[in-house]
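What follows is a single structure, and I will ask about it in a moment.
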Amino acid sequence: MISEELKELIRPAILVQKILWFVIVGSIIFYIGFVYIFIGGNEVLATSIGSGIELLIYVLAGAATLGSIFYYRYALSSKNLKRFMSKEVDLELLAKDPRTKKIDAGKLAKLKSLSVLEIKIYSLMFELQKITLLSLILIELMVIFGSALAFMNEDVSKIVPFGIVSLVLSFWMFPRPESLIKRGQNL
């Protein structure tokens with residue numbers, strides 16, 4: 001069980017992760033809707049540009065898909081989590097105000113009141129933010145590539161598989177900090 005102090009300290013980090021997730025998923029839906037509205041979803045003009053650009057886009061989208069899956073699974077693997085949890089945590093770095101770069105004395109005092117495990121869990125929430133953001137950016141690239149194909153071919157249906165894969169992966173990668181905290185505690 002984690003203390004109330006830790007819950008209070010990690011609440012903003014968890015909120016940021018979930019906001020980032022909703023922003024990325026919202027942008028995926030936006031891209032799909034924009035292409036549908038712009039091209040006119042009722043008209044399917046299957047005009048291929050007949051160049052290697054389309055193949056390149058498929059390759060890049062596949063690379064982004066695989067990259068997001070492998071990075072997400074690796075970054076949250078038990079091996080990587082165990083390595084992260086064994087590292088020393090710099091409390092002063094965690095207590096710095098990101099805007100002013102000055103140490104927040106109140107936050108530092110709260111951090112010092114936590115156990116070693118809780119400090120590591122607090123630090124882990126920022127690692128989870130990084131993992132979530134990078135994974136979702138790679139996922140968003142897929143729908144961008146799908147948008148490009150749809151515009152190039154003037155065919156709204158070209159974005160659909162990219163959008164579906166992007167949304168499925170986004171929901172799979174929804175931030176679950178509670179699960180990660182439990183895994184971190186059990187190491």
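The values are calculated or read from the model by the stated rules, or taken from the named source; none is laboratory data. Here the structure is a predicted model, which means the values were calculated and not measured. In this analysis, Cβ positions are derived from the backbone assuming ideal geometry, glycine residues included, and neighbour counts consider all displayed protein chains.
Kindly indicate whether THR100 is at pLDDT below 85 and more than 15 Å from MET152 (Cα to Cα).
Judged against the criteria, THR100 is a match.
Sticking with this structure for a sec: Any residue in the range 114-129 that is surrounded by fewer than 22 Cβ atoms within 10 Å (Cβ to Cβ), aromatic (Phe, Trp, Tyr), without any contact (Cβ under 8 Å) to a residue 12 or more places away in the chain and assigned to a helix (DSSP H, G or I)?
No, the range 114-129 contains no residue that is surrounded by fewer than 22 Cβ atoms within 10 Å (Cβ to Cβ), aromatic (Phe, Trp, Tyr), without any contact (Cβ under 8 Å) to a residue 12 or more places away in the chain and assigned to a helix (DSSP H, G or I).
Can you find a residue in the range 81-94 that is within 18 Å of VAL16 (Cα to Cα), surrounded by 11 or more Cβ atoms within 10 Å (Cβ to Cβ) and out of contact with any Leu (no Cβ under 7 Å at 6 or more places or on another chain)?
Scanning the range 81-94, I find no residue that is within 18 Å of VAL16 (Cα to Cα), surrounded by 11 or more Cβ atoms within 10 Å (Cβ to Cβ) and out of contact with any Leu (no Cβ under 7 Å at 6 or more places or on another chain), so the answer is no.
Considering every residue within the range 100-110, establish whether at least one is in contact (Cβ under 8 Å) with a residue 60 or more places away in the chain and buried (at least 19 other Cβ atoms within 10 Å of the Cβ).
Within the range 100-110, not a single residue is in contact (Cβ under 8 Å) with a residue 60 or more places away in the chain and buried (at least 19 other Cβ atoms within 10 Å of the Cβ).
Does the range 14-62 hold any residues that are among the charged types (D, E, K, R) and at pLDDT below 80, and which are they?
Once the filter is applied, which keeps residues that are among the charged types (D, E, K, R) and at pLDDT below 80, the range 14-62 yields GLU43, GLU54.
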